[in-house]
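**Q** Just passing along the structure, written as structure tokens.
Taken together, the values in this text are just the output of simple stated rules run on the coordinates, not laboratory data. The structure presented is a predicted model; accordingly, all values stated were derived computationally and were not measured. Ideal geometry is used to build each Cβ from the backbone, glycine not excepted, and the neighbour counts take in all protein chains shown.
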Amino acid sequence: MGSIRRYIVVRLLTAIPMLFILLTTIFIVLRLLPGDPISAMYGGKIPEEYAERLRHQLGLDQPIHIQYINYLWQLFRGDFGTSTYTKRPIAREILERFPATLELTIYGLIIALLIGIIFGSISAHKRGSKIDRVIRTYSIVAYSLFIPWFGAMLQYFFGVYLHVLPVGNRLDATISPPPTVTGLYTIDSLLAGDFYAFSSAIRHIILPSFVLGIVLSGIFVRITRENMIVVLKKDFINFARARGIRENRILWSHALKNSMIPIITIFGLQFALQLAGAILTETTFSWPGLGTYLKLRIEYRDYPAVQGVIVVYALLVILVSLIVDIIYAMIDPRIRY
Amino acid sequence: MMSRDVILDIRNLSVIYDTIKGELRAVEDVDLKIGKREIVSIVGESGSGKSTLGYAILRILPPNGRIVKGEILFNGIDLTKLDEEKLREIRGKRISMVFQDPMTSLDPLMKVGDQLVETVLEHEEIEKEIAWDRAAKVLESLGIDPERLHDYPHQLSGGMRQRIVIALSIILNPELVIADEPTTGLDVIVQYQILELIRKLRDDKGISFIFITHDLGLAYDISDRIAVMYAGQIVEIAKKDKLFEKPLHPYTQGLFKSIPEVSPTKKELKSIPGFPPDLINPPSGCYFHPRCPIANEECKRNRPDLIEVEEDHFVRCFSPGKEAF
Amino acid sequence: MFAMSLSSYLRENLIDLIKRIRRPKTEEEWFIAIGGSLILFIILMTIFASFISPYDPTIPSGGSYQPPSWEHPMGTDKYGRDMLSRIIWGGRIPLAIGLVATIFSFAVGVPLGLISGYIGGALDRILSLVMDSIYSFPGLILAIALAALLGPSIMNVTLAIAVIYVPTFFRVVRGQVLSIKEELYVTAAIAIGANKWTVMGKYVFPNTIPNIVIVFSLSIADAILTEAGLSFLGLGPVIPPTPDWAYDLQKWYGVAVSQGYWWLAFWPGFFIMLAVLGFSMFGEGLNEKLNPLLREK
């Protein structure tokens, strides 16, 4: 039986070909599909010579295999190209906005996981009862919500009607961000002892993370419930009961732990969904993260920037799937190479 | 019943499962007494209700199962009337159960030692180290190296796992252990060892056993008395020698006749014709009558009671002792 | 061949199903009933839009930014167009795109899944790898990439969304095929000489139908959300003044929030949710009914 260290190493190695496949797929999608990206972005209303110049600038007039090699080479050097809009290196622009997305996603996930695990467990335990019915309905309604709509409604209610919460951005305009340690305003402001910044950051993140959290929780409730039901039927659960172990302990110590594995796996698979949700949440709340960046650059026809963001998203997906697999292996002693 | 100390007295017990198709009568009108230091086997086919009986005693029936009638007296206390808290105190500590499949009885994510300690700590307020010691001692008494406490279930063989399961069931020194097919799926040598273990536990620690099995041979090997179950009812119960010598119920006779023999003359493999009855809509009268060669009109109309036909030999039949198979 | 088995299967099971749905008892049946009703409601509303709609949705019929009133139960937008009419007409594009995209995914994913699962080998491995890569990639982002690349037109958006769900159909069908393949009756059929295609058509395929229906419904739900997401990000196929729920939401939610014209944002988004909810509930209910988690002993 191998050790966990060996598992991590092997898993990292398998991630590399996956990375290649994904990057190549993005390349194919973005470059090879029929349709000239330049004219597509400009809706065909662009003088040909200007288009030619743009194409040359972006290196789109070179042979495909050269483009591909350039593409990979640049990525490895961390060069994501230069924005046609701001003329700044895209890698830097992405790095500037990444912490915002991270912060929103973290808080959203915490809410989603808490709701998901607690409701899902209760629902599985009390299967068939009224509360199960209510929770299941909640879960379907939650993931049917259209994020911009849900967000807009909450913005109106809390932001305008009740006027208790802000409707956009990360901080009040009058407050300057705390010195960067993690990039997460809520944490950094605490570390800096800046109470005004902290309270402002919290007030700004409540609504967006709540919106993201609720919508994501729909899926988590369902997955937790399904897995808990399967686990609760297992023999060792009944055997624990036969040994006189408290129901509470059975639920949280035995059932939940055993459910966590498939839950974590699905969480990893659903990460893609969470990214999509984050994009919509950001644009609704003018949250200055990667999602808003993406939207704006699409509007500005900043083709290299759009490509850069998509590549970053792909990288994130691979990274998360890697981390999930490793956590999975740490929890389940049966998984080893 | 002889005047030994009766520790478990089941009277008139009936258990029903609520299914989509209707109420399933899993256990019906069961009377059973278990004495101190006694090993009683319950023999029957799958679906005969024997496992359900075990779950009912400990009140760990699945959510759609319920006791509709009867009493389960454990040292005078009626288990059917106890609340969950009191039942918890009894489970694992005074009555415990060993499940059929050792592969799935243990939490795969928890070390074996932790599961033993957990069992102890749920019932007694002692220090963790002392509990750990107790766990080590129990393993030793079962012939297992205490180092195994640090292992996860998947690192152990089937036989080892079943021994751990048994360890879990006796660590608090119960008076009664319900063993549900504890040797099924294990190889013959391990089977033998487990049986030895059970005998030793009864002899040294005075634990009574309810041994549930489908194997008559095993039942004979291990038990003092054998109860035969069919369609949720006990159809015959007697001391093992009596039962083997002279089975009185047609079903029991059929069981004996269908045990394959190793003999020079090749005989056809006999089995009892027909299928076990539908317990949602059971047959009228005696549940066995559709398959019984000697069934008569009375068997089709009336339900026979469990009657003491000979000394300490009970049968549920209108024509007990008549040769059916 | 497929059509034959499909229709006989439908005949057998559908009638039984409909009977149960008329009187929902279990919660799954409630989900199917409510989901189905919502779907029916939305579809009917969309089909009979020209009959139901009180005004022409593209032409001003009232004052600008009017709150809900008797003449305009859902108020008017900036150009004085009646919101109720825009809502009634606004479902055509999301539904059409959702439906067509899902049909397309179905048409590509199911046969590929059947073949890949049944034949196995290298073909199966390659296809599975490709499908997994697409599947694990964020759907919305893929759609964004495709829509941005191909240019936002109805055809392209439909195509972009369709690509996202091909792996879903593929996986479900392939999984089913793999498990059914091992079943005894398939081996029996082959043993008596039925050829591969007959086996697939007569035995394997009908058993995959229930799950296909479920995935179909859930995919439409998701497709509507994705299309709405694309519209919201400005990559939608809609050219004003065509009414479209997501387009309206995107256009007006800013003013709705800041100026309090809540009816402009509430109703479009609400109907998006109703449509998605309908298909989701239907799919979930069907799923719980056909693949129950708890099978009694």
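**Q** Could you work out the relative contact order of chain B, using alpha carbon pairs under 8 angstrom and six or more residues apart, expressed as a whole percent?
**A** 20 percent
**Q** If Lys and Arg each add +1 and Asp and Glu each add -1, what is the summed charge of the other residues whose beta carbon sits under 13 Å from the beta carbon of C:Lys78?
**A** Charge balance in the 13 Å sphere: 0.
**Q** Let me ask something else. So what's the net charge close to B:Ser141: Lys and Arg +1, Asp and Glu -1, counting the other residues with Cβ under 11 Å from its Cβ?
**A** +3
**Q** Kirkwood Rh and Cα-based Rg: tell me the resulting Rg over Rh for the range B:168-322, rounded to two decimals.
**A** Numbers: Rg = 17.6 Å, Rh = 17.4 Å.
With Rh from the inverse mean 1/r over Cα pairs, Rg/Rh is 1.01.
**Q** Highest mean first, how do B:34-45, A:211-222 rank when packing is the count of other Cβ atoms within 10 Å averaged over residues?
**A** Those peptides, ordered most packed to least, come out A:211-222, B:34-45.
**Q** Report, for the protein assembly as shown, the % of DSSP beta bridges that are antiparallel, rounded to 5.
**A** Bridges in the protein assembly as shown that DSSP calls antiparallel: roughly 65 percent.
**Q** Please state the shape class of the protein assembly as shown: rounded when a/c is under 1.5, otherwise prolate if a/b exceeds b/c and oblate if not, all from the C-alpha gyration tensor.
**A** Prolate, since a/c reaches 1.5 and a/b exceeds b/c.
**Q** Of all the Cα-Cα pairs you can form in chain A, what percent are over 26 Å apart?
**A** Every Cα pair in chain A considered, those over 26 Å come to 60 percent.
**Q** For each of A:Val141, B:Val188, B:Val112, count neighbouring Cβ atoms within 10 Å of the residue's Cβ, then give the residues from fewest to most.
**A** Numbers: A:Val141 16, B:Val188 8, B:Val112 26.
Listed from fewest to most nearby Cβ atoms, that is B:Val188, A:Val141, B:Val112.
**Q** Also: Using a 7 Å offset from the Cα along the Cα-to-Cβ direction at both B:Asp5 and C:Ser64, what is the distance between the two label points in nm, to one decimal?
**A** 9.6 nm
**Q** Under the classification rounded if a/c is under 1.5, otherwise prolate if a/b is larger than b/c and oblate if not, where does the range C:17-172 fall, given a ≥ b ≥ c as square roots of the Cα gyration tensor eigenvalues?
**A** oblate
**Q** Which aspartates and glutamates have a Cα lying under 12 Å from the Cα of B:Lys257, excluding residues fewer than 8 positions away in the same chain?
**A** Filter leaves B:Glu268, B:Glu323.
**Q** Using the number of other C-beta atoms within 10 angstrom as an exposure proxy, rank A:Asp302, C:Asp248, B:Asp305 with the fewest first. Display every interim value, and only then the final one.
**A** Working: A:Asp302 24, C:Asp248 27, B:Asp305 12.
The most exposed by this proxy come first: B:Asp305, A:Asp302, C:Asp248.
**Q** Sticking with this one: Using only helices, what value at 222 nm comes out for chain A when you add -39,500 (n - 2.57) per DSSP H run of length 4 or more and divide by the total residues, to the nearest 500 deg cm²/dmol?
**A** -23500 deg cm²/dmol
**Q** In the range A:97-301, what is the count of Lys pairs whose alpha carbons are under 19 Å apart, counting only pairs at least 8 residues apart or on separate chains?
**A** 5
**Q** Report relative contact order for chain A in percent, whole number only (criteria: Cα-Cα under 8 Å, sequence separation at least 6).
**A** About 29 percent, as a whole number.
**Q** What ranking do B:Asp145, C:Asp222 get, fewest neighbouring Cβ atoms within 10 angstrom at the top?
**A** Values: B:Asp145 11, C:Asp222 26.
Ordered by Cβ neighbours within 10 Å, fewest first: B:Asp145, C:Asp222.
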